[in-house]
1. Just give me the residues in the range 159-195 being crowded, with 22+ Cβ neighbours inside 10 Å and more than 17 Å from the chain's Cα centre (by Cα), in sequence order.
2. For the range 81-114, how many residues are touching a Gly at 6+ places or on another chain (Cβ under 6 Å), at negative phi and either not in a strand (DSSP E or B) or not aromatic (Phe, Trp, Tyr) (or both)?
3. I need every pair where a residue in the range 189-209 that is within 26 Å of residue 171 (Cβ to Cβ) has its Cβ under 6 Å from the Cβ of a residue that is among the aliphatic types (A, V, I, L, M) and surrounded by fewer than 21 Cβ atoms within 10 Å (Cβ to Cβ), sequence separation at least 6 or different chains.
4. Identify the single condition in (1) touching a residue at least 24 places away in the same chain (Cβ under 8 Å); (2) farther than 24 Å from residue 246 by Cβ; (3) among the β-branched types (Val, Ile, Thr); (4) not in a strand (DSSP E or B) that residue 182 does not satisfy, given that it satisfies every other one.
5. In the range 235-248, what residues are in a strand (DSSP E or B), in contact with a Pro (Cβ under 9 Å, 6 or more places away or on another chain) and closer than 27 Å to residue 220 by Cα?
6. Can you tell me how many residues within the range 52-74 are more than 17 Å from the chain's Cα centre (by Cα) and surrounded by 14 or more Cβ atoms within 10 Å (Cβ to Cβ)?
Amino acid sequence: MKQDVFLAARRRGVRLGGALGLAVCLGACSVPQKDPAVGDEADVRRAAQTLLLTPSGGGDWQTFQLPGKLFAPFRSVVRQGRPALQVHAHRSVSVLRRQFQPGIAAVGTLDFSWKVDALPEGADLKDAGATDAPARILLAFDGDRSRWNARTHRLSELSQLLTGEPLPYATLSYVWSRDDPVDAVLPNPRTDRIRKVVVESGEQHLGQWREYRRDVRADFIRAFGEEPGPLVAVALMTDTDNTGSTLQAWYGALRLVDLSAGR
């Protein structure tokens, strides 16, 4: 069945690597990672529940593996006295995601922290073949899909075919870039339904814990030119598959505020 899906995608003239990358970046589901170290997976879920504070009403934090991609597992560690989720990436894609059903109607501030020890060699967030990043926080939103262009509808259909889920309406990504300026907003080279906000750039702060606070609504409006719809997923993502790079990333405390709570 999976081979039939791949052949169908090829007949439609779509690059599978790019399509699968889009599926993760946009929050679409994929195959759960079956790590033989069940205890480690349980540790990661417990650590995520404590470390990554997100609104109630969502499912469990889940790690995912893309078909045809190497997966570097998350590990629960303490780094420089801080609890963290660690990824040792090597030509790999690592995703940890939590979904919300129904979506979160109004998101406020997002506080998060991370540390990386290197940047992917040759990475370029504007090049479809080199869009690796050592650390990302992704927020996927629902919205009016009738506003999409025909190409985005085709990508969403392909995502449904490959992963069982359509693309979210829009995805906002906070990212560490190799050389783009901080606060730049970059459209994904394959679809304008992903917009990246650069919160860290270059090598100056490698090996240091970095902390951020973002106004999600303001960032979404600046990136997409419209009000955000309900938040349907939040994810951590480290990827080095395109550049074949090796690095380590640590994700520290995260807190996402639900402004609709108590309304």
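What follows is calculated from the coordinates using simple rules that are stated; it is not laboratory data. Everything numeric here is computed off the predicted structure, so don't read it as measured data. Positions of Cβ are generated from backbone atoms using ideal geometry, with glycine treated the same way; all protein chains shown enter the neighbour counts.
1. Matches in the range 159-195: 162 only.
2. Number of matching residues: 5.
3. Note: pairs meeting the criteria are 189/128; 190/128; 195/185; 196/186; 197/185; 198/182; 198/184; 201/182.
4. Of the numbered conditions (1) touching a residue at least 24 places away in the same chain (Cβ under 8 Å); (2) farther than 24 Å from residue 246 by Cβ; (3) among the β-branched types (Val, Ile, Thr); (4) not in a strand (DSSP E or B), the odd one out for residue 182 is (1).
5. 238, 239
6. The qualifying residues number 1.
Okay, residues lined up against (1) over 16 Å from the mean Cα position of the chain (by Cα); (2) within 19 Å of residue 123 (Cβ to Cβ); (3) surrounded by fewer than 16 Cβ atoms within 10 Å (Cβ to Cβ):
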site	(1), (2), (3)
207	yes, yes, yes
213	yes, no, yes
222	yes, no, yes
231	no, no, no
237	no, yes, no
247	yes, yes, no
252	no, no, no
260	yes, no, yes
